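J.: One structure follows; several queries about it will come next.
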Amino acid sequence: MIAPLGRHVRQRMAQLHRWTGVLLIWLLFVIFLTGTLSFFRQELTQWMQPERPQGRELAQPEAALEHALPYLWQHASAASHWTIVLPGERSGLLDVSWRGAEGRGQAYLHPDTGEGVQVRDTRGGEFFYRFHFQLHYLPVLTARYLVGIAAMMMLLALISGVLTHKKILRDFFTFRWGKGQRSWLDAHNGFSVLALPFHLMITYTGLVTLMTLYVPWGMDKAFPEQEQRQQLIGEIFAFMPSTPSSGQVAALTSVPALVEQARASWQGAHVGRVQIAHPGDLSAKVLVEAQTGQADRLGISGHPPFMLFDGVTGELLKAKASRPAYDAYGTLLGLHLGRFADWPGRWLYALLGAAGCGMLATGMLLWTSKRRRKPGHSRVGLWLVERLNVATLAGFPVAVVALFWLNRLLPVEMTARAQWEIHGLFLVWLGMGIHALLRPLQSGWREQLGLAGLLLLGLPVLNLLTTDRGFPASLAAGDGVFIGFDLLSVLLALLMFRCARRRRGV
Amino acid sequence: MPAKVRFHLEPLLRTLFAILSAFLLTRWSSIAVLALPWAPEQAVLTGMLLAFAVFAATVIWVFWAASLRSACMGLLLPTLLLIYVCYGGGV
């Protein structure tokens, strides 16, 4: 039976908070966790491909073009589309890829020598990034709608959560340790209020990232033709127009000269990506995009500036437009992605994201601990919810750490290796779900949190044994990504052990 | 409807009303922005950027109001206004 609505407005806000919060909270937790990891998307890829040379700030990343272009001419001259991702602080490799009638290809080149570097097959940090808005194994659109509904419920839970409080500041400064439900409430308030502007921002801007999917009506009305909509999107997002090849041979203009021209109009900001369509054809086009993360020169916009050139004459065909609504969109998107942030900024983002995970976890624990005290609630329902809590709040972190283990343990030459890393994550998660259903509640918490801790503590050791980039070596090389990963693993392991010990009688 | 049934149906009715009215107001407002004297692409994007605030505010209002009736009354004026702008030839 649904409880009647409260008479007082604060009661109704509390009810709205409870239900919008609880219904999809497990989904929100995995979205928040993987989204938080996505702030380190490129760093995680670096760790998961230890064959990559250490990323470093390059005075002239554009110089790597002199290796990329000859390579593409030699290996992919028949392809209709080339993409060159230049190296930088967050990626130690020059990444060239191509596609055309004969299929696709990709190669990683050393930025200094131009020699090919073999890296293991993995999705790296890209997996977490994709998962946090389109999940896995589900049709992409279905998953994106599901994530959108969850995000809207989160937004409603945040607003109604604030409105529930009579004295939000006093509640924020209250903490009652070891008092069961009271402590969960105080912890929940702490995590929520401490990072409230971040939670509101990240939820709202998250919805904005997929707004053309979620709220398309104005756009469909004003621009009924697909072409018109694409043109609008092409004003702000770097899109290579899909014009066919002319079949007439014409020499490709000097790409480095176009790159220099683009840099000159971006206050000297570095170029991150160059795409070339129909190289060597009369209809060739060159699309140059700025590298993200140069807030001092480019601001925080989530749409990095780009320039589209004619690939034969070198004429500038299009550049990113700047108008008020475009810029507002870019700013909101940029705030969500956080790509403008330097490394302290990324850590701040991650810390706030972790507070979000804490808010969701404590919210759920508060909900169950309240229901456990009240007689008359469905025992079977509560039993199941408590087990699913274990499987999600402890089991999913175990599965994520298992992905890192698999990344080091699966044989490098294995076929479909990248897919099996991910299948492995979900199999481990399934295993945690079964474990949670079979074990008594407290043992379930203790064992899964303890396992997460052990796996995390083992990661630096595993990395030391399976690669030549163990802690002493990365310390000597000043390799921030590997040092940070090892230290964070140990720190999170201690946190897991602490949680495992505290999960008694609550 | 007997008072007791109503009492227990109220949360369900409010929820359904909140979802439906929030969806419609969001949809209409994201079209009504086209009546603004701006370039269409500027209006369209502004409408989309604000759409989630319209949705959230509508749901909050429906639960904020003391009764379902007053929730309906509160949404009457914005609804009529948006319908007029969307379908009265303004867009």
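J.: Give me the pairs: first residue in region B:6-26 and at the interface with chain A (Cβ under 10 Å from one of its Cβ atoms) and within 15 Å of residue A:20 (Cβ to Cβ), second residue of a type in the set (D, E, K, R) and part of a helix (DSSP H, G or I), beta-carbon distance under 9 Å, and six or more apart or on different chains, which are they?
T.: Short answer, once both residue conditions are applied: B:14/A:12.
J.: Which helices (runs of 4 or more DSSP H) sit wholly inside region A:194-270 and have at least 2 residues that are open to solvent by 30 Å² or more (accessible area, probe 1.4 Å) and more than 25 Å from residue A:34 (Cα to Cα)?
T.: It comes to A:217-222, A:226-236, A:255-265.
J.: Looking at region A:106-115, which of its residues are open to solvent by 60 Å² or more (accessible area, probe 1.4 Å) and touching a residue at least 12 places away in the same chain (Cβ under 8 Å)?
T.: Hit for region A:106-115 is A:113, nothing else.
J.: What are the residues in region A:123-150 that are open to solvent by less than 20 Å² (accessible area, probe 1.4 Å) and within 14 Å of chain B (Cβ to nearest Cβ), if any?
T.: Residues satisfying the conditions are A:147, A:148, A:150.
J.: Specify which of the listed residues (A:158, A:72, A:135, A:169) is over 29 Å from the mean Cα position of the chain (by Cα) and at pLDDT 95 or above.
T.: Selected residue: A:72, the only one of A:158, A:72, A:135, A:169 that is over 29 Å from the mean Cα position of the chain (by Cα) and at pLDDT 95 or above.
J.: What are the pairs with Cβ atoms under 7 angstrom where one residue, in region A:428-445, is assigned by TED's automatic domain parsing to the domain that holds residue A:387 and the other, located anywhere, is surrounded by fewer than 14 Cβ atoms within 10 Å (Cβ to Cβ)? Sequence gap at least six, or different chains.
T.: So the pair list comes out as A:442/A:504.
J.: Which of the residues spanning region A:477-494 are on the phi < 0 side of the Ramachandran plot and not in a helix (DSSP H, G or I)?
T.: If the condition is that a residue be on the phi < 0 side of the Ramachandran plot and not in a helix (DSSP H, G or I), then A:479 is the only one that fits.
J.: Follow-up. If you go through region A:365-396 one residue at a time, how many are small (Gly, Ala, Ser) and either touching a helix residue (DSSP H, G or I) at 6+ places or on another chain (Cβ under 7 Å) or not assigned by TED's automatic domain parsing to the domain that holds residue A:433 (or both)?
T.: Selection size over region A:365-396: 4.
J.: Same structure again: Could you please let me know if residue B:32 is without any contact (Cβ under 8 Å) to a residue 12 or more places away in the chain, at the interface with another protein chain (Cβ under 9 Å from one of its Cβ atoms) and among the hydrophobic types (A, V, I, L, M, F, W, C)?
T.: Here the answer is no, as residue B:32 does not meet what is asked.
J.: Being among the hydroxyl-bearing types (Ser, Thr, Tyr) and either touching a Phe, Trp or Tyr at 6+ places or on another chain (Cβ under 9 Å) or within 14 Å of another protein chain (Cβ to nearest Cβ) (or both) narrows it down to one residue among A:45, A:34; which is it?
T.: After applying the criteria, what remains is A:34.
J.: Any residue in region B:50-65 that is of a type outside the set (A, V, I, L, M, F, W, C) and open to solvent by 60 Å² or more (accessible area, probe 1.4 Å)?
T.: Checked region B:50-65: no residue is of a type outside the set (A, V, I, L, M, F, W, C) and open to solvent by 60 Å² or more (accessible area, probe 1.4 Å).
J.: Among the residues of region A:277-289, count how many are open to solvent by 10 Å² or more (accessible area, probe 1.4 Å) and under 28 Å from the mean Cα position of the chain (by Cα).
T.: Residues flagged as open to solvent by 10 Å² or more (accessible area, probe 1.4 Å) and under 28 Å from the mean Cα position of the chain (by Cα) within region A:277-289 amount to 1.
J.: Check residue A:80 against each of (1) in contact with a helix residue (DSSP H, G or I) (Cβ under 7 Å, 6 or more places away or on another chain); (2) among the polar types (S, T, N, Q); (3) open to solvent by 30 Å² or more (accessible area, probe 1.4 Å) and name the one condition it does not meet.
T.: Single failed check for residue A:80: (1).
J.: Related question: Please enumerate the residues belonging to region A:308-331 that are open to solvent by 50 Å² or more (accessible area, probe 1.4 Å) and either within 14 Å of chain B (Cβ to nearest Cβ) or closer than 30 Å to residue A:129 by Cα (or both).
T.: Once the filter is applied, which keeps residues that are open to solvent by 50 Å² or more (accessible area, probe 1.4 Å) and either within 14 Å of chain B (Cβ to nearest Cβ) or closer than 30 Å to residue A:129 by Cα (or both), region A:308-331 yields A:318, A:320, A:322, A:323, A:324, A:327, A:331.
J.: I'd like the full set of residues that are at pLDDT 95 or above and either among the aliphatic types (A, V, I, L, M) or not assigned by TED's automatic domain parsing to the domain that holds residue A:450 (or both), limited to region A:496-506.
T.: Selection gives A:496 alone.
J.: If the requirement is being more than 21 Å from residue A:203 (Cβ to Cβ), within 9 Å of chain A (Cβ to nearest Cβ) and assigned to a helix (DSSP H, G or I), which of these qualifies: B:91, B:44, B:85?
T.: Residue meeting the stated conditions: B:44.
J.: Of B:77, B:34, which residue is open to solvent by 60 Å² or more (accessible area, probe 1.4 Å) and either at pLDDT 95 or above or not in a loop (DSSP other than H, G, I, E, B) (or both)?
T.: B:77
The values are calculated or read from the model by the stated rules, or taken from the named source; none is laboratory data. Since this is a predicted model, take the numbers as computed values, not measurements. Ideal geometry is used to build each Cβ from the backbone, glycine not excepted, and the neighbour counts take in all protein chains shown. We work out accessible area using only protein heavy atoms, side chains counted, and drop any ligands, DNA or RNA first. Shrake-Rupley method; radii C 1.70, N 1.55, O 1.52, S 1.80 Å.
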